[in-house]
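Worksheet: one structure, shown below.
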Amino acid sequence: MPDGRPAAAGTASEPRPVEEFAHRDGRRPGHADDERTEKRARGPAGRRESPTAMTGERSTADDGLSLDVVHDLLSNRRRRRMLYCLYRYANPMQLPDVADQVTEWEQGSSADELLDERLHTYTDLYHTHVPKCADVGVVAYDQHQDTVELDRNAAQLRPYLERAAERDFAADDAAPL
């Protein structure tokens, strides 16, 4: 400070104080002490809701799935096949076993012969389809056991899934539902 005046806050020599970024009521942006934000982030009984619940894309688990969410979930053939598999077999299932069945339905031959396709299916289920369904309470995934099972909102999908199965599987195929 060659001229004897203090450097202005925010100059290269001195970072701007946090207080300059505070809201008028004293809260700092993004700070966890915002009680209103915290209440919105929690659903009934104080349980944490997913980000999609906070944006209104779906209602809370007590109200069920919106039609938009149902159609979004069932818009992907691989995701529908994952759900068919979970409805057809005892739950929980090992995710690699689900990937095997989905691969067989997609390719029309044994998953043992299709190692690359089976790995691709497993990766796609693990990174895309299981998390999407888990976010809305349709499936539950246990990462330690690598198992997936139907969850609290799965029953709401069954009538729609049954109709989709009629389209997805030829009349001579054994429909999964």
- Note on the structure: Expected sort for 137-143, 122-128 on mean C-beta neighbours within 10 Å, highest first, is 137-143, 122-128
- Query: For residue 155 and residue 168 in one chain, what is 0.36 nm times their gap in residues minus the Cα-Cα distance, to one decimal in nm?
  - Reply: 2.7 nm
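All of the numbers you see were taken from the coordinates with simple rules; none came from a lab. None of these values were measured; they are calculated from a predicted model. Every residue, glycine among them, receives a Cβ derived from its backbone with ideal geometry; neighbour counts consider all protein chains shown.
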